[in-house]
Amino acid sequence: MENLIKIKADEERARSLVNLARLRYKKISVFDEEKESSLIVEDYYETIKELITAILFIDGYKTLSHKDLIEYLSLNYKGKFNSADLGLIDQLRKLRNGIVYYGESIESSYIKRNKGHINEVISKLFDVCEKKLK
């Protein structure tokens, strides 16, 4: 994790990111799964990214590398996130990049197949943040 920077822990910034993630996550429910699946995938990933970034701020780190966010989670939260969880997050990262940088579309079947697991991962991330911010 060459792009990881040690900083002073910043719980206030972490709280702001958790609140932003909560707003973004709630917004997903208003999208039409059939027509706006790419936007849903993008917001799922952004929610996850904001929550992992909040965890880093709480722990006293920051990075601009999305890959390092996932690697940090894998190295420091092994008991909470398994390889399937981490693989899903990385898959969402790649899909989001395809959407944002190349205008790729995501089939609604992807959401149907993965929504349960995605929501489970997001729930675990909220849980980690809330416990650390108490």
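The values are calculated or read from the model by the stated rules, or taken from the named source; none is laboratory data. Note that the structure is predicted; figures quoted are calculated from it, not measured. Using ideal geometry, Cβ is built from the backbone for each residue, glycine included, and neighbour counts are taken over all protein chains shown. Calculation scope for accessible area: heavy atoms of the full protein, side chains included, ligands and nucleic acids excluded. Shrake-Rupley method; radii C 1.70, N 1.55, O 1.52, S 1.80 Å.
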Qualifying residue in segment 1-13 (condition: buried (at least 21 other Cβ atoms within 10 Å of the Cβ) and not in a loop (DSSP other than H, G, I, E, B)): no
Only one of GLY60, GLY79, GLY116 that is out of contact with any helix residue (DSSP H, G or I) (no Cβ under 8 Å at 6 or more places or on another chain) and within 14 Å of VAL128 (Cα to Cα): GLY79
Residue satisfying all of: in segment 49-72; among the aliphatic types (A, V, I, L, M) and crowded, with 17+ Cβ neighbours inside 10 Å; farthest from LEU92 (Cα to Cα) among these: ILE58
Hey, LEU75 open to solvent by 10 Å² or more (accessible area, probe 1.4 Å), outside any helix (DSSP H, G or I) and more than 22 Å from LYS115 (Cβ to Cβ) or not: no
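Return the residues of segment 90-134 that are among the small types (Gly, Ala, Ser), without any contact (Cβ under 8 Å) to a residue 60 or more places away in the chain and either in contact with a Leu (Cβ under 7 Å, 6 or more places away or on another chain) or open to solvent by 40 Å² or more (accessible area, probe 1.4 Å) (or both); say none if nothing qualifies. It would help to see each step written out before you state the result.
Residues of segment 90-134 among the small types (Gly, Ala, Ser): 98, 103, 105, 108-109, 116, 123.
Next, only the ones that are without any contact (Cβ under 8 Å) to a residue 60 or more places away in the chain stay: 98, 103, 109, 116, 123.
Those that are among the small types (Gly, Ala, Ser), without any contact (Cβ under 8 Å) to a residue 60 or more places away in the chain and either in contact with a Leu (Cβ under 7 Å, 6 or more places away or on another chain) or open to solvent by 40 Å² or more (accessible area, probe 1.4 Å) (or both): GLY103, SER109, GLY116, SER123.
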Any pair with Cβ under 8 angstrom, 6 or more apart, that starts in segment 28-47 at a residue that is part of a helix (DSSP H, G or I) and ends at one that is open to solvent by less than 60 Å² (accessible area, probe 1.4 Å) and among the acidic types (Asp, Glu): ILE28/ASP43; ILE40/GLU33
Total residues in segment 14-48, condition exposed (fewer than 14 other Cβ atoms within 10 Å of the Cβ) and either within 13 Å of the chain's Cα centre (by Cα) or of a type in the set (Gly, Ala, Ser) (or both): 1
